[in-house]
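Structure record follows, encoded as structure tokens.
The values are calculated or read from the model by the stated rules, or taken from the named source; none is laboratory data. Treat the numbers as computed from the prediction; the structure is a model and nothing was measured. No Cβ is skipped: glycine too gets one built from the backbone with ideal geometry, and neighbour counts run over all protein chains shown. Accessible surface areas use protein heavy atoms only, side chains included; no ligands, DNA or RNA. Shrake-Rupley method; radii C 1.70, N 1.55, O 1.52, S 1.80 Å.
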Amino acid sequence: MRIDDYVAELDSALAGPQGAKRDLVVEARDSLTDTADALEAEGLARAEAERVAVAEFGEVAEVAPGYQSELTAVAGRRLGFLLFISVPITALMWSVIWRIYPGDDQAWRLAPAWYRPVSRLLDILQLCVGLYGGLALFALSRGARWIRRPRLVTRSLGVLVWGMLPVTVALGMLLTLGSNGASHLDVLPSMLANAVTSACWGLQIYGATRCLRISRPPFARR
């Protein structure tokens, strides 16, 4: 197999963030090219030098799992960082808005008894998600030496996002309905907060879907 064919097969065997995947494939190509150049300088024909370099590098089936493991960790680190940053920020943002609007305290006094406990529960759940994202980020970076199965950490992040999203939406709608008409949706800060929240959710769903897809066992990805 020539270098171009080998690299193309390796690229098709990997799944993950495009930038990280491209860097790994380019690194493999550079390593193969350097080996082939050295063999050619020793007198081998270019085609034979490339075939020997590929043979020494190892079959794709042997090499790909190591590269895929790194890509899976990269995807997990990105989602963990996103959760660690975006979830607490959106929780704090909405907490501030719900304290400012409406300015009439009478609207909050008419709220049902369950309103404050549900609001506090939502804040706690969001902060826990952000904290778990931070822990996963640490586990997949500095703590990688102690993590035997980083794939499961990445997968747990995807499950967490898809599991918590409907809960968060449901609790948020419940709080809106329980505010006795004291709607925040007609004020500019709330509109901006909704835009930011929607963007964060979109990024989280995208990252979670990718983490779930690439963290499946090899036989399940076929």
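A few notes on this one:
- Annotation: ASP23 fulfils all but one of (1) within 20 Å of THR154 (Cβ to Cβ); (2) open to solvent by 70 Å² or more (accessible area, probe 1.4 Å); (3) in contact (Cβ under 8 Å) with a residue 12 or more places away in the chain; the unmet one is (3).
- Filter result (open to solvent by less than 20 Å² (accessible area, probe 1.4 Å) and part of a helix (DSSP H, G or I)) within segment 51-72: ALA53, VAL54, VAL60, ALA64, GLN68, LEU71, THR72
- Matching entry among LEU39, LEU24 (being under 25 Å from PRO217 (Cβ atoms) and either aliphatic (A, V, I, L, M) or under 34 Å from the mean Cα position of the chain (by Cα) (or both)): LEU24
- Looking only at residues of segment 173-198 that are under 20 Å from GLY163 (Cα atoms) and open to solvent by less than 60 Å² (accessible area, probe 1.4 Å), we find that the one that is modelled with the lowest pLDDT is LEU175.
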